[in-house]
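Data block below; observations after.
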Amino acid sequence: MQRILFIDRDGTLIREPDDEQIDSLEKLSFVPGAISGMKALMQTDFVRLLVSNQDGLGTDAFPEETFLPAHHKMLETLAGEGIHFDAEHIDRTFEADHLPTRKPGTAMLTAYTSGDYDLAGSYVIGDRATDVQLAVNLGCRALLLRSPGWAEAHLTATQKRALALATESWSDLAEYLRRGERRAEVHRKTAETDIDIVVDLDGRGETHIDTGLHFYDHMLAQLPHHAGISLSCTCKGDLDVDEHHTMEDVAIALGEALRKALGHKRGIGRYGFALPMDETDAFCTLDLGGRIDFSWQVDFSREYVGDTPTEMYKHVFHSLACALQANLHLKAQGENNHHLIEGVFKAFARALRQAISYEAGRYDLPSSKGCL
Ligand SMILES: [Mg+2]
């Protein structure tokens, strides 16, 4: 399903004068960064709609002949930079008319609310709380081009939930859309385990891990810390049988969540590696290229560390590599079994950090083949 950008005009693409009416060429000027930002968005697969309220357009209060020259000049300037809209939707009513076509009403946008479009993955780009409310009413999210001094406190709780980003910078806004939200949720329920995982590759390191296995929790907690991601992972597993299903299924769900969160993979580093860490000499090489390969060179001298069997860690990382669809090669040498396992987790996390790192301004696939 196609995703849509509902793009406001006045105050977002072009500056809005004090009288809120752009009725002459002299009043036409672009918001800084709007042209280059829109140009960057032309590289994405969003449908682009211009959605605007123009109070009383076509009446004596705002004759068309005063509106059209500036409007056409704006479109012509954008077209000169390769920027086009798929459709324009302009409501001409006054606020006092209280008609449902006027933003934040959605009556002039019903062609897009029929179920043929991915509204949950769509965005309103605007400069006012009414644009955020339009996002709420459409069931999509809002990107607010805020003015200096604007405070989120002006929004209702519902509007705040719909707000994906508030920024003064068109460049930040375009970058956000090009990168996409690198967040994924996976719920995996079988007769053996019930798992909920939330991963945010651009998160702030928030961590909540509870698998019922204390040592496994301790190891999994290395990932958000060293990979620079947020991770929530809860598992209710059949620990009365043994640790196997819990450890394996968490690894599968985690790999799946990481793969989903990576999305289109454009602009990422793709590869990662880690140098020896601590006294354990742990190494990890990683390729997020979509093919699966796994090697494991870690020997343990103990059957258990904490409440987890050491033999399970090869299986954990193999399961994770398969679900992530990655090449994952792990090697560690040392004497202390706790450090061997922790070193492998840390090396993997550091490798992951490099591989998922996003280079601002780049939107190419890290592959000479053009696909991953
Ligand atoms: Mg506006």
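The values are calculated or read from the model by the stated rules, or taken from the named source; none is laboratory data. As the structure is a prediction and not an experimental result, all values here were calculated from the model. All Cβ positions, even for glycine, are placed from backbone atoms using ideal geometry, and neighbour counts span all protein chains on display.
Summary of values
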{"quantity": "Strands (runs of 3 or more DSSP E) fully within the range 260-306 counting 2 or more residues that are modelled with pLDDT under 90", "calculated": "271-274"}
{"quantity": "Residues within the range 307-324 that are crowded, with 16+ Cβ neighbours inside 10 Å and over 24 Å from the mean Cα position of the chain (by Cα), tallied", "calculated": "10"}
{"quantity": "Total residues in the range 138-176, condition away from the ligand (no atom under 15 Å from the Cβ), part of a helix (DSSP H, G or I) and crowded, with 18+ Cβ neighbours inside 10 Å", "calculated": "5"}
{"quantity": "Matching option when the condition is free of Cβ contacts under 8 Å to residues at least 12 places away in the same chain, within 18 Å of L41 (Cα to Cα) and charged (D, E, K, R), among E76, E88", "calculated": "E76"}
{"quantity": "Test: residue in the range 57-65 that is more than 30 Å from L119 (Cβ to Cβ), within 16 Å of the ligand (Cβ to nearest atom) and in contact (Cβ under 8 Å) with a residue 40 or more places away in the chain", "calculated": "yes"}
{"quantity": "Out of T130, T110, sole residue that is away from the ligand (no atom under 16 Å from the Cβ) and farther than 18 Å from Y176 by Cα", "calculated": "T110"}
{"quantity": "Any hit, the range 329-348, residues being assigned to a helix (DSSP H, G or I), of a type in the set (D, E), surrounded by 16 or more Cβ atoms within 10 Å (Cβ to Cβ) and in the same structural domain as L201 (by TED's automatic domain parsing)", "calculated": "yes"}
{"quantity": "Filter result for the condition that a residue is among the hydrophobic types (A, V, I, L, M, F, W, C) and without any contact (Cβ under 8 Å) to a residue 24 or more places away in the chain, over A162, A174, A135, A166", "calculated": "A166"}
{"quantity": "Selection count where residues are in a strand (DSSP E or B) and either crowded, with 20+ Cβ neighbours inside 10 Å or within 16 Å of the ligand (Cβ to nearest atom) (or both), scope the range 1-47", "calculated": "7"}
